[in-house]
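For reference, the structure is listed below as structure tokens.
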């Protein structure tokens, strides 16, 4: 199978549901940002020292493929896909609560950074926030799975906690914001 199809040479792409749209549509921008986020998570995993954090990242990368397929498939589509559901963002809440038990209590804002892995996770968090903003815009134009928005909101929180955990477990130092 060839990697190139030439079907996008005129500036159009196929959604997962099969319909063709311009490559600069808001939907394509939103799920393209999830693809970017997934790549940043792969980069983070290559730097993270914590086995627990790397395991979470692999799980997240799989979930992001599902979220991207969800975004790329109209709700009315006959194509059967696994949609993001409440269990996906609830799992993130449970993981956040569990991981926060092992972290120092935050009394100040921290600057993004620390170890290489944690720094990549902070970058991932900001890419996730961008995907969330794009989804909010998209939801004003088209009907979308509402669990996607909740998932992305929890995911950015989870990535923040993962970055903190990587700093604690991987020897990075959190720097407090001094204002």
Open item on the list: Just to be sure before I move on: is residue 111 surrounded by fewer than 13 Cβ atoms within 10 Å (Cβ to Cβ), under 30 Å from residue 177 (Cα atoms), in contact (Cβ under 8 Å) with a residue 40 or more places away in the chain and within 22 Å of the chain's Cα centre (by Cα) in the structure I sent?
Closed with: yes
Task: Unique residue being buried (at least 17 other Cβ atoms within 10 Å of the Cβ) and over 21 Å from residue 148 (Cα atoms) when the list is 50, 46 - done: 50
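Rule-based calculations on the coordinates, nothing more; no lab input. Everything quoted here is computed from the prediction, not taken from an experiment. When we count neighbours, we look across all protein chains shown, and the Cβ atoms used for this are built from the backbone with ideal geometry, even at glycine.
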